[in-house]
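Working notes, beginning with the structure itself.
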């Protein structure tokens, strides 16, 4: 049996996970999913928080001089590194203060609206834009329980342009049938349209 003092340094025996209806979405879509929790221990939680984040990483080069110990000569050395910045973040509380019993099993739904104005997923040689979703469960007087972070693929929405033309129908002067105003010959009788 672990004493209360040592419990604060351990996570409860519980499993927390996130599933989503889709892993590939477009900007402006709604991301829906469920946070699942299964517990093998009794404890109190402060809630369950789902986090949606977008990170942009840019490959940069830094340089510095290194001195050769044998020759005491200075040499310029360049190193590549990824400069990472959070460009979007959204949180959702799916559960509030609660006592979790041994054997508890539950699912908590969530939904996020992905803004149309944000960036789509991009993986390049020197630039990356990545979207991630995950959940955290703060536990009272214990270490927090976290889910595995999942990547979500976000694309630009496809814009379909629909051209709507209004067709004005006029009666044929010979047969009286209706024909498009732009037609030269009547589709009913074949007569040439009279100039007006």
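The values are calculated or read from the model by the stated rules, or taken from the named source; none is laboratory data. Note that the structure is a prediction, hence the values are computed from the model and not measured. Reconstructed Cβ throughout: ideal geometry from the backbone, glycine too, with neighbour counts over all protein chains shown.
Of all the listed residues (195, 125), the sole one being more than 29 Å from residue 82 (Cα to Cα), at pLDDT below 95 and loosely packed, with under 13 Cβ neighbours inside 10 Å is 195.
I'd like to check something: does the stretch 23-31 contain any residue that is surrounded by 17 or more Cβ atoms within 10 Å (Cβ to Cβ), under 30 Å from residue 97 (Cα atoms), at pLDDT 90 or above and in contact with a strand residue (DSSP E or B) (Cβ under 8 Å, 6 or more places away or on another chain)? For the stretch 23-31, residues surrounded by 17 or more Cβ atoms within 10 Å (Cβ to Cβ), under 30 Å from residue 97 (Cα atoms), at pLDDT 90 or above and in contact with a strand residue (DSSP E or B) (Cβ under 8 Å, 6 or more places away or on another chain): present. With respect to the conditions (1) within 22 Å of residue 11 (Cβ to Cβ); (2) surrounded by 13 or more Cβ atoms within 10 Å (Cβ to Cβ), residue 97 falls short on a single one, namely (2). Between 66, 75, 70, 56, which is assigned by TED's automatic domain parsing to the domain that holds residue 104, over 17 Å from residue 96 (Cβ atoms), out of contact with any helix residue (DSSP H, G or I) (no Cβ under 9 Å at 6 or more places or on another chain) and not in a strand (DSSP E or B)? Being assigned by TED's automatic domain parsing to the domain that holds residue 104, over 17 Å from residue 96 (Cβ atoms), out of contact with any helix residue (DSSP H, G or I) (no Cβ under 9 Å at 6 or more places or on another chain) and not in a strand (DSSP E or B) holds for just one of 66, 75, 70, 56, which is 70.
Do the conditions hold for residue 87, that is, is it assigned by TED's automatic domain parsing to the domain that holds residue 141, surrounded by 10 or more Cβ atoms within 10 Å (Cβ to Cβ) and part of a loop (DSSP other than H, G, I, E, B)? Walk me through it before giving the result.
Details: assigned by TED's automatic domain parsing to the domain that holds residue 141: yes; surrounded by 10 or more Cβ atoms within 10 Å (Cβ to Cβ): yes; part of a loop (DSSP other than H, G, I, E, B): no.
Spelling it out, it is not the case that residue 87 is assigned by TED's automatic domain parsing to the domain that holds residue 141, surrounded by 10 or more Cβ atoms within 10 Å (Cβ to Cβ) and part of a loop (DSSP other than H, G, I, E, B).
The residues of the stretch 128-162 that are in a loop (DSSP other than H, G, I, E, B), out of contact with any helix residue (DSSP H, G or I) (no Cβ under 7 Å at 6 or more places or on another chain) and crowded, with 17+ Cβ neighbours inside 10 Å amount to a single one, 147.
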